[in-house]
Amino acid sequence: MSEHVWEQFRIGHGYDLHRLESPPPEGMGRPMIVGGVLLDHPTGPVGHSDGDVLYHAITDALLGALALPDIGQHFPDDDQRYKGEDSSVFLKEAVLLAREDGWVVANLDTTVILEKPRLSPHKEVIRNNIAQLLNIAHSRVNVKGKTHEGVDAVGQGLAIEAHAVALLVRVL
Ligand code: MG
């Protein structure tokens, strides 16, 4: 283990946005899944995978902390293998890459921005889903929900966004 303190920690930020549309045939929206939870809503994310904006942001936070290529490079959206894929697969892969390189997530803070539906009734389930995928205590995972105050595309319900910040600590 290196004696340099900056070799013991890594921070990563992830951001994602998905357009929200009605399901086919009116639009291309998939069922709205956020943090592995299916939310009851008339529109949903457009995406090659299942469009889980939160899992995508967290995956990019981990890949970012590792200074690896982003989620779109690891899992290209023209690759038929990932069509409709459960996004926990991407997150698990990022956790595995971190682990193989000797890192675990010390803590993770996230924000989901969506106008509707309300995230608060689902936050604890989402936290637990993430903690399980990261294999850490749920007290080290935070999920915050915000609206966009009715302005811009997110505020008009046309898109959903997520941010994630992860601190990795070296264990090997
Ligand atoms: Mg995405």
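The values are calculated or read from the model by the stated rules, or taken from the named source; none is laboratory data. In this text, all values refer to a predicted model and were calculated from it rather than measured experimentally. Positions of Cβ are backbone-derived with ideal geometry, glycine not excepted, and every protein chain shown enters the neighbour counts. Each accessible area value is taken on the protein alone, full model and side chains, heavy atoms only, with ligands, DNA and RNA left out. Shrake-Rupley method; radii C 1.70, N 1.55, O 1.52, S 1.80 Å.
Within a Cβ distance under 14 Å of Leu66, other residues only, what is the Lys/Arg minus Asp/Glu net charge?
Every neighbour counted, the sum reads -3.
What percent does the relative contact order of the chain come to when contacts are Cα pairs within less than 8 Å and at least six residues apart?
For the chain, the relative contact order is 31 percent.
Distance in nm between label sites at Val5 and Arg170, each 7 Å beyond Cα in the beta-carbon direction?
1.4 nm
Charges only on Cβ, +1 for Lys and Arg, -1 for Asp and Glu: so what's the dipole of the stretch 30-172 about the Cα centre, in debye to the nearest 20?
520 debye
Would you count, across the chain, every pair of lysines whose alpha carbons are under 22 angstrom apart, provided the pair is eight or more residues apart or spans two chains?
Total qualifying Lys-Lys pairs in the chain comes to 7.
Rank these by accessible area, largest first, 1.4 Å probe: His13, His56, His163.
Order by accessible area, largest first: His13, His163, His56.
Keeping every protein chain in place, order Trp6, Trp103 by accessible area at 1.4 Å, biggest value first, i.e. largest first.
Order by accessible area, largest first: Trp6, Trp103.
Report the far tail of the P(r) of the stretch 47-102, meaning the percent of Cα-Cα pairs longer than 17 Å.
29 percent
In nm, give the distance between the simple-model label positions of Thr147 and Lys116, each being 7 Å from the Cα along the Cα-to-Cβ direction.
Roughly 1.0 nm, to one decimal.
What span do the alpha-carbon atoms of the chain cover on each of the three principal axes, reported in whole Å from largest to smallest?
57, 34, 26
Could you work out what % of the accessible surface of the chain is carbon and sulfur, using a 1.4 angstrom probe and leaving DNA, RNA and ligands out of the count?
54 percent
Compute the accessible area per residue over the stretch 39-172, keeping the other protein chains in place, probe 1.4 Å, unit Å².
Averaged over the residues of the stretch 39-172, the accessible area is 47 Å².
What longest region of the chain stays clear of trypsin sites (Lys or Arg not before Pro) that DSSP places outside H, G, I, E and B and that have at most 13 other Cβ atoms within 10 Å?
Segment 1-82 is the longest.
Nearest 500 deg cm²/dmol is fine: what mean residue ellipticity at 222 nm does the chain get from its DSSP H runs of n ≥ 4 alone, each adding -39,500 (n - 2.57), divided by its residue count?
Result for the chain: -7500 deg cm²/dmol, rounded to the nearest 500.
Just to verify a number: what accessible area does Phe75 come out at with the full protein assembly present, 1.4 Å probe, Å² rounded to tens?
Taking all protein chains as shown, Phe75 has close to 30 Å².
Where does the charge balance sit around Pro42 when Lys and Arg score +1, Asp and Glu -1, over other residues with C-beta under 13 Å from its C-beta?
Surrounding charge for Pro42 is -2.
Rolling a 1.4 angstrom probe over the protein chains, ignoring ligands and nucleic acids, what is the accessible area of Glu161 in square angstrom, nearest 10?
30 Å²
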